[in-house]
C-alpha cells in the first residue's frame, strides 16, 4: 500500500505542479519610468516640470485611476509625485515636481494602487540638473504598503517576467540530480566496504542512480540554458554555477564511460566505486568553494537584481516545494525501475549461460 | 530593451486571457500522468519477468541437483 | 625498509626508467615546442593579452596531459603482482605523485620558456613573469596530484589515452578555471597580493586531490 501511494502521490504532486505552473497568472509590475520629452530642453525652468511616462505590465490603472499614487524613495526618504493622467491600464503620465535640492540622484519608484497593491521599480528614476545635498530632507507623506487585491498570482520579477514558471522545472531538476548522486555515493561506499567478496549488488545501485541522475542533469542544463537566453541574453554565460553544473555532467559521463570500458564485473564494480567517490567529493568541494571566487548571476548572489531569497513568496512556495518533492519522488521511482531492469538483465544473462 | 517586452506583453495577455494557458497546463498534466501510467506498467512487467526468471533459475538448479 | 626509503627507491626507479628511454621525454618536449610554434605561426608576437593567456594555458595543459598519459613503465600485471607484496600501496601513490610533479614541472618549465621566447613577453614584465611562473608550477602540482590517481585508475581499467582524458579533463576544468583567471588578473596589472588567493586555492586543491587519492588508492591497487 505504501509502495503504491508514494508513486501515485509523486505523480499527483507533479500534475498539480504542472497545472498551477501554467495556469496561475503573473502579478502586475512596473517596467519603466521614463522621460517623455524627446528633445532635451536646456532651459532649466522647464526642466523642473518635465513629464514622465510610467509603464506597467499587467496593471489595472483604469480601475479607480484617482487612487493611483506615485512615490520616489531613497533610503528612508520618500516623496510623492503627482500623477497627471492615466492613459490606459498600463500607461500613466506624471510630473517631476521636485525641490531644487535633493539628497540623491538615483531613486526607486513606488506605486500604490488599491488593486495592484504596492509596486516597486528599483533605481527607476535618475534625475539630472538638481543640486545634490545628502543632508537635504524632503517632506514625508503618509505612505503605507498595500497588498494586491487580485486572485492567486505569481510575483512579478524584473527581467524574469513570465519565465518565473521555469523555477518549478529548472531548480528541482538539480535537487533531484543531487539526491540521486547522493544515493550513488552511499552505494559506492557500501560497495567498497562490503563488496570485498566480489558481489556487485551495491554497484548496480550506483550505476542505476547515476544513469537516472544524468537524465535530470541534462534536463537541468537544458531548462537552465533556455532561462539564461531569456533573462541574461545568452544560451551560456560564464558563471560558477554553470561551470559546476557542466563539470558535474561531464564527470558522470566519464563515470559511465569508465564502466563501459571494463569487462571484468568485479574489477568494474571496484574501479567505478573508487572513481565515483573521488569525483563526488571533489564536486562537492568545488560547488561550495568555486562560487566564492567569482561573482555569480544566480539568485541570492551578487550581480543579480532579479531574485532575492525573500522574493520566493508564498504563492511560489506553494508550488515550488511540491515541485521539489514531486520530482524527487519521480526520480527515485525511475531509479528503482532502472535498478530492477538491470538486475533482471543480469539474471537473464546468467540463465542463458547455464 | 523594453519595447520588445511591450510587444511580447499583448501576446502574453492573449495567452492568459483566451484560456490558452489552460490548454498548455492540461497537455502538461496529461503528459505527466501518461508518464506515470507508462512507468507503472513497465514496473509490473519487469516484476513479472523477474518472477519468471527466478522460478526458472530455481527449477534449473533443482534439475542440476537431481 | 622504512617508508621513506621505499618511496625514494620507487621514485629513483621511475626517474631512471624515464631517463633510460630518452625518446619518451624528447617526444614530450618536441610536442610542447611544436604546439608553441603553431601558436606563434597563428598569431606572431602580437597576440592580444587575453589570447596570450588562453594560448599559454591551452599549451601548458595539453603538454602536461600528454606527459602523464603515456603508459607507465611498471604498469604490467607482473610488476604490480610483485609490488603488492613488497610495498604499501600508499607509498606507491606518493612516489608516483612526486614523480609526476617532477615530470610535469620540467615539461611546464620548458613549455613556458619556449612560449615566452616565441610569443614575446610584452604582457609580462619583471616580477609579473615570476608570479605567472609560480601559477604555472602550482597548476602542474595540482595536475600531478590528480592525474597520478586518474592514471592509475585508467591503466587498471585497461583503457588508453582516451580514458585518461575522459576521466581527468572534467576534473581539471576547475583548476584551469582558477589558473586562467589568475593569469589574466596578473596581465591586467592587478597587484600580486590581490590575486594570490588563487594560488592558495590551487595549493588546497592539490592537497585535496592527494588526500582523496591516498584514502582511495588501496582499493584500486589490491586484487
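The table that follows gives values for the structure above.
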| quantity | calculated |
| --- | --- |
| Flag if residue C:193 is more than 9 Å from chain A (Cβ to nearest Cβ), part of a helix (DSSP H, G or I) and at pLDDT below 85 | yes |
| Helices (runs of 4 or more DSSP H) enclosed by the range C:61-168 - at least 1 residues per element that are under 19 Å from residue A:251 (Cα atoms) | C:127-157 |
| The lone exception for residue C:81 - which of (1) touching a residue at least 40 places away in the same chain (Cβ under 8 Å); (2) over 23 Å from residue C:182 (Cα atoms) it fails | (1) |
| Pick from the range A:342-354, criterion at the interface with chain B (Cβ under 8 Å from one of its Cβ atoms) and without any contact (Cβ under 8 Å) to a residue 40 or more places away in the chain, ranking: nearest to residue B:47 (Cα to Cα) | A:344 |
| Options A:86, A:171, A:131, A:109; residue that is modelled with pLDDT of 80 or more and in contact with a helix residue (DSSP H, G or I) (Cβ under 7 Å, 6 or more places away or on another chain) | A:86 |
| Residue match in the range B:35-54 (condition: under 30 Å from residue A:91 (Cβ atoms), assigned to a helix (DSSP H, G or I), more than 9 Å from chain A (Cβ to nearest Cβ) and modelled with pLDDT of 60 or more) | no |
| Qualifying position, being in a strand (DSSP E or B) and touching a residue at least 12 places away in the same chain (Cβ under 8 Å), among A:137, A:122 | A:122 |
| Members of the range A:257-277 that are over 18 Å from residue C:222 (Cβ atoms), facing chain C (nearest Cβ under 8 Å) and assigned to a helix (DSSP H, G or I) | A:257, A:258 |
| Test set (1) out of contact with any helix residue (DSSP H, G or I) (no Cβ under 7 Å at 6 or more places or on another chain); (2) assigned to a helix (DSSP H, G or I) - residue A:180 fails condition number | (1) |
| Count - residues of the range A:83-108 that are under 11 Å from residue A:69 (Cα atoms) and under 27 Å from the mean Cα position of the chain (by Cα) | 0 |
| Search result, residues across the range A:1-18 that are surrounded by fewer than 18 Cβ atoms within 10 Å (Cβ to Cβ) and modelled with pLDDT of 85 or more | A:5, A:6, A:8, A:9, A:12, A:16 |
| Filter result for residue A:48 (away from chain B (no Cβ under 14 Å), surrounded by 15 or more Cβ atoms within 10 Å (Cβ to Cβ) and modelled with pLDDT under 85) | yes |
| Where residue A:253 falls short, out of the listed (1) within 24 Å of residue A:336 (Cα to Cα); (2) not in a helix (DSSP H, G or I) | (2) |
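Yes/no matrix, rows are residues, columns are (1) touching a residue at least 12 places away in the same chain (Cβ under 8 Å); (2) closer than 24 Å to residue C:67 by Cα; (3) more than 8 Å from chain A (Cβ to nearest Cβ):
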{"residue": "C:163", "(1), (2), (3)": "no, yes, no"}
{"residue": "C:172", "(1), (2), (3)": "yes, yes, yes"}
{"residue": "C:199", "(1), (2), (3)": "yes, yes, yes"}
{"residue": "C:216", "(1), (2), (3)": "yes, yes, no"}
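Each row is one residue, and each column tells you yes or no for (1) within 24 Å of residue C:15 (Cα to Cα); (2) buried (at least 22 other Cβ atoms within 10 Å of the Cβ); (3) over 20 Å from the mean Cα position of the chain (by Cα).
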| residue | (1), (2), (3) |
| --- | --- |
| C:118 | no, no, yes |
| C:139 | yes, yes, no |
| C:151 | yes, yes, no |
| C:165 | yes, no, no |
| C:179 | no, yes, no |
| C:197 | no, no, yes |
| C:210 | yes, no, no |
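Residues are listed down the side, and each one gets a yes or a no for (1) farther than 26 Å from residue A:161 by Cβ; (2) touching a strand residue (DSSP E or B) at 6+ places or on another chain (Cβ under 7 Å); (3) crowded, with 20+ Cβ neighbours inside 10 Å:
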{"position": "A:205", "(1), (2), (3)": "yes, no, yes"}
{"position": "A:208", "(1), (2), (3)": "yes, no, yes"}
{"position": "A:220", "(1), (2), (3)": "no, no, yes"}
{"position": "A:234", "(1), (2), (3)": "no, no, no"}
{"position": "A:246", "(1), (2), (3)": "yes, no, no"}
{"position": "A:257", "(1), (2), (3)": "yes, no, no"}
{"position": "A:265", "(1), (2), (3)": "yes, no, no"}
{"position": "A:279", "(1), (2), (3)": "yes, no, yes"}
{"position": "A:283", "(1), (2), (3)": "yes, no, yes"}
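The values are calculated or read from the model by the stated rules, or taken from the named source; none is laboratory data. What you see is a predicted model; the values in this text were computed from it and never measured. Glycine also receives a Cβ, built like all others from the backbone with ideal geometry; neighbour counts cover every protein chain displayed.
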